[in-house]
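One structure is given below, encoded as structure tokens.
Each reported figure results from applying straightforward, stated rules to the coordinates on display, with no laboratory input. These numbers were taken from a predicted model, which means no experiment stands behind them. FYI the Cβ positions are ideal-geometry reconstructions off the backbone, even for glycines, and counts take in every protein chain you see.
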Amino acid sequence: MGTMPDGTKRDSTNSSMHSSTHATAQLDDGIVPDPSHPPTSVDESVRDSADRTWTPAKIALWAAIALLGGVAWFMLAIIRGETVNAIWFVFASVCTYLIGYRFYSKVIERYLAKPNDRRATPAEYKADGKDYVRTDRNVLFGHHFAAIAGAGPLVGPVIAAQMGYLPGTIWIIIGVVLAGAVQDYLVLFFSMRRGGRSLGQMAREELGVIGGTAALVATLLIMVIIVAILALVVVNALGESPWGVFSVGMTIPIALFMGVYLRFIRPGKVMEVSLIGFVLLMAAIIGGGAVAGTEWGAAFFHLDKVTIAWGLIIYGFIAAILPVWLLLAPRDYLSTFMKIGVIVMLALAIIVVRPEISVPAFSEYAGRDNGPVFSGALFPFLFVTIACGALSGFHALIASGTTPKLIEKERQTRLIGYGGMLMESFVAIMALVAAISIDRGIYFAMNAPVALTGGTVETAAAWVNSLGLSGVNITAGDLAQTAKDVGEQSIVSRSGGAPTLAVGLAHIMQQFIGGTAMMAFWYHFAIMFEALFILTAVDAGTRVARFMLQDSIGNFIPKFKEHSWRPGAWLCTAIMVAAWGAVLIMGVTDPLGGINTLFPLFGIANQLLAAIALSVCLAIAAKRTALKYLWIVAVPLAFAAVVTITASFYKIFSPVPAVGYFANNAAFAKALADGKTSFGTAKTQAAMEAVVRNTMVQGWLSIIFVALSIIVIITAVMATIKALRNTAAGLPNAENEDPARASRVFAPAGFVPTAAERDLMTEWNQHPAGERLEKSGHH
Amino acid sequence: MNAVLAGFRVFAGYLGGVLGADAYKKYLEHHEASGHTGPPLTEREFWRDRTDRQDTSPQGRCC
């Protein structure tokens, strides 16, 4: 959003001053800028002095932010009233993000990333008008955010709310500032310096064949698990819900229509078709209510979870082999459109409605390891339950994918990488607020497995009241009424996070727009957009995994490397769908309540990917900075490694059946051997056999994940030590960056240009148009 | 009223940018600026090429 030149008068004194100061600085970077151009970077001494000049207004502003944040944290963490207002969550998070962004991310920039705006980015030196395109920083911020944020930050915090609001809040906010955003920023920056190379390629270059291969295999497995568990969230949200099945099912014909429209009728009219799609989507939600209200509709669209799971598996295969233009691309537009809209709306609603939260800071389950929603103690399981929003390894795949190819100037990586992740963290905070704004009794009735709640409103109410939670007393009528309000037949044991978030969102939104009459609409609106994100992630994840598999097999059978070779493509797609489909069916049929046992595996997988990404960052950072600054990467890496390895070890070695997969396996196997016909929550022998099978698979998956990650971490530490030794001995380190090229453009680094940046922009705008590259503006 | 309209335009332009609706425009700018040898792709060809290339280089979406 550059300011355009407003007139003819040229402020020659100003620009010549910059040119002259510029000529004396940064001459050691080996870059020879075009002398006919204005400078492509704000002079370092000018920027430093602006950063270090503390005017009274600036001091007052940051003091106010710090004070407000401090008060908000005090209200959340120290004051123990009956209730706490949701607005304090907004203040605590936003003020902490601002301070982290202004101060900590600048430390990372100064000592670790060391961006140089005199250097061209891949979008400049590889520009092709298609994949490598300089993109306005504010647009790219939105684009990157839409690519990293999905259903993850909406689900994890809801499940973690079992332990009260405070542990989750602290981890989401502090975790993002010190870990999640650091990972995203560094991966984005290092990938950008390498022409937009993927995490897998960087791992191979930096960690060698063993580390690189382990990282690749781990990434592939982790993608399978993540897709399977996201699919499980959708299945749980749609099971026995005719309204949900109809409206989410309608997204498929809507997307197909949009695809055909964009391909044949009006190519390139993306905004237009997105608006049409949005209107159709709203019609599908409203129509879903009407259809579910009829007898035939309720009968036809009332599907059990196993049927939906199989439907999703078949859908997943077809969607992944259909051309992108027909289904994936149009639904991606719809999903992005909804994402931005919903998040803005939810933020507004929370600020306007400011719900009172009655959930305690630490619940009865914070100090125990047998919670009904997820089992395991606060450490380490809270930190794996909330992955997205605090630290998400999956982002490393995005930050080393499209985004680095679109960055205009090196300094903008801080805004896009670090800032984009702060934004996702804020989404997680809002999801947490929405989930804890509903009654705790209803929360537990919704999120505990059927084995505990019994599945009916009477048994669920009796079970919740028997838990002895303070302030919790619900009746069967409350549960029935809530289900009726949101237009569902039942809300008991609707685990998976999505339905709880939808109830919370409906609860907040109806106070903002529409009243109770609109609750059913808002509930299904929320289910719809979560399903939309997830279906897109399932499609795209299957495709990416298929290509990874094809490339891997291609090392042995070269024919597989030809991506257009149909049999190979279909076979690899089928293998990947079968892999996640098996985990999905396992989760759906699990007598222990699939999401409750599988969600930790999702978090562990995601955090292990984060550990892998941070390992690669550490190995790279060791070559370019002093030992004393490596803690910036080492601390989050150590934390992620300790959390995930401990969590994996609990899952593998814990003797408590509720926590350890193999302990559970042994308990059920023994019961079977003793000839029992029911054991724990498994009521039949077949169910017991299913538990034995599932726990064995889950246990071995944990072992494989943790082994691969430990290999990657060890190779990274070895690479780091080698780099540090080389530096100490004065030897050069092998550098995998693309060679530096002189930049020929300028753009500001942050949302709002600084005074020096504005001067430089004016200078560029007055530069003869023919001599500068085209502008990257978006309108 | 004009200010509201202008504000809406900026917002729509931003959203379009995030969705990637301006990709063809940017391709033309690049084509123009890079010393082209032939005529640019038409809008229809460009979008076909764009989605068809995604078939062979998929991008993950996050969880």
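Work out Dmax and Rg for the range A:452-553 from the C-alpha atoms and quote the Rg first, both in angstrom.
For the range A:452-553, the Cα radius of gyration and maximum Cα-Cα distance read 18.5, 58 Å.
Setting aside same-chain residues fewer than 8 positions from A:Lys722, which lysines have a Cα under 19 Å from its Cα?
Hits, sequence-local ones excluded: A:Lys623, A:Lys628.
Starting from the 7 Å offset along Cα-to-Cβ, what nm value, one decimal, do you get for the label separation of A:Glu44 and A:Asn465?
Simple spin-label model gives 7.1 nm for this pair.
Each residue of the range A:592-600 in order: what ³J(HN,Hα) in whole Hz does its phi give by Karplus 6.51 cos²θ - 1.76 cosθ + 1.60, θ = phi - 60°, with x for Gly and Pro?
Per residue, the Karplus-derived 3J(HN,Hα) values read 8, x, x, 5, 5, 8, 8, 4, x Hz.
Rounded to the nearest 20 debye, what is the charge dipole size of the protein assembly as shown about its Cα centre when +1 sits on each Lys and Arg Cβ and -1 on each Asp and Glu Cβ?
1000 debye
Excluding residues on the same chain fewer than 8 positions from A:Lys409, give the aspartates and glutamates whose Cα lies under 13 Å from its Cα.
Candidates past the 8-residue exclusion: A:Asp117, A:Glu124, A:Asp136, A:Glu757.
Taking the Cα atoms only, what angle lies between the long axis of helix A:420-436 and the longest principal axis of chain A, rounded to 10 degrees?
30 degrees
In sequence order, what are the phi-derived ³J(HN,Hα) couplings for the range A:392-403 according to the Karplus relation 6.51 cos²θ - 1.76 cosθ + 1.60 with θ = phi - 60°, rounded to whole Hz, with x for glycine and proline?
Whole-Hz 3J(HN,Hα) from phi for the range A:392-403: 10, x, 4, 4, 4, 6, 6, 5, 10, x, 6, 3.
So what is the relative contact order of the range A:159-240, in percent, for Cα pairs below 8 Å that sit 6 or more residues apart?
11 percent
What residues qualify as long-range amide H neighbours of A:Ile357, i.e. H under 5 Å apart, gap of 5 or more or another chain, H built at 1.01 Å from N?
Those qualifying (amide H under 5 Å, at least 5 residues apart or on another chain) are A:Val84, A:Asn85, A:Ala86.
In debye, nearest 20: dipole of the range A:594-728 around its Cα centre with unit charges on the Cβ of K, R (+) and D, E (-)?
Here the range A:594-728 has a charge dipole of around 420 debye.
Do you know the relative contact order of the range A:594-728, to the nearest whole percent, from alpha carbon pairs under 8 angstrom that are 6+ apart?
After rounding, I find 32 percent.
Students often check this: by mean Cβ neighbours within 10 Å, which of A:420-433, A:326-339, A:258-271, A:138-151 ranks highest, and how do the rest follow?
Packing order, densest peptide first, comes out as A:420-433, A:138-151, A:326-339, A:258-271.
Give me the net charge of A:Ala151's neighbourhood, meaning all other residues with Cβ under 15 Å from the Cβ of A:Ala151; Lys, Arg count +1, Asp, Glu -1.
-1
Mind ordering A:117-129, A:358-370 by average Cβ neighbours within 10 Å, highest first?
Sorting A:117-129, A:358-370 by mean packing, highest first, produces A:117-129, A:358-370.
For helix A:498-512, what angle does its Cα long axis make with the longest principal axis of chain A, in degrees from 0 to 90 and rounded to 10?
70 degrees
Tell me which of A:Phe394, A:Thr456, B:Tyr14 sits at the most positive position along the dipole axis of the protein assembly as shown, charges placed on C-beta atoms (Lys, Arg +1; Asp, Glu -1).
Of A:Phe394, A:Thr456, B:Tyr14, it is A:Phe394.
Using the Kirkwood formula over every pair of different C-alpha atoms, what hydrodynamic radius in Å results for the protein assembly as shown?
27.8 Å
Which cross-chain or sequence-distant (5 or more) residues have an amide H under 5 Å from the amide H of A:Arg119, H modelled 1.01 Å from N in plane?
Amide H to amide H, under 5 Å and 5 or more residues apart or across chains, A:Arg119 pairs with A:Ser743.
Ranked from highest to lowest mean number of other Cβ atoms within 10 Å per residue, what is the order of the peptides A:68-80, A:473-485?
Going from most to least packed, we get A:473-485, A:68-80.
Neighbour counts of other C-beta atoms within 10 Å: give me A:Leu382, A:Leu609, A:Leu216 arranged from fewest to most.
A:Leu216, A:Leu382, A:Leu609
Which residues' amide hydrogens lie under 5 Å from the amide hydrogen of A:Gly150, considering only partners 5 or more residues apart or on another chain, with H built in the peptide plane?
Close amide H contacts, sequence-distant or interchain: none at all.
For the range A:704-757, run through the GluC sites (Glu not before Pro) and keep only the ones in DSSP coil with at most 16 other Cβ atoms within 10 Å of their Cβ.
Listed in order of number, the matching sites are A:Glu735, A:Glu737.
With the convex hull built on the Cα atoms of the range A:594-728, state its orientation-averaged projected area in nm².
8.5 nm²
Dipole magnitude of the range A:302-441 about its Cα centre, charges +1 at Lys/Arg Cβ and -1 at Asp/Glu Cβ only, in debye to the nearest 20?
Roughly 320 debye, rounded to the nearest 20.
Using only Cα atoms, find the angle between the long axis of helix A:56-77 and the longest principal axis of chain A, and express it within 0 to 90 degrees, rounded to the nearest 10.
So the helix axis and the longest Cα principal axis differ by about 10 degrees.
Name the residue farthest towards the positive end of the dipole of the range A:594-728 from the options A:Ile711, A:Val692, A:Pro657, assuming +1 on Cβ of Lys and Arg, -1 on Cβ of Asp and Glu, about the Cα centre.
A:Ile711
Along the positive direction of the dipole of the protein assembly as shown (beta-carbon charges: Lys, Arg +1; Asp, Glu -1; about the Cα centre), which of A:Tyr523, A:Ala214, A:Ala123 reaches farthest?
Value: A:Ala214.
If contacts are Cα pairs under 8 angstrom and at least 6 residues apart, what is the relative contact order of chain A in percent?
Relative contact order for chain A comes out at 24 percent.
If the cut-off is 23 Å between C-alpha atoms, which lysines fall inside it for A:Lys305, apart from same-chain ones fewer than 8 positions away?
Correct list for A:Lys305: A:Lys484, A:Lys683.
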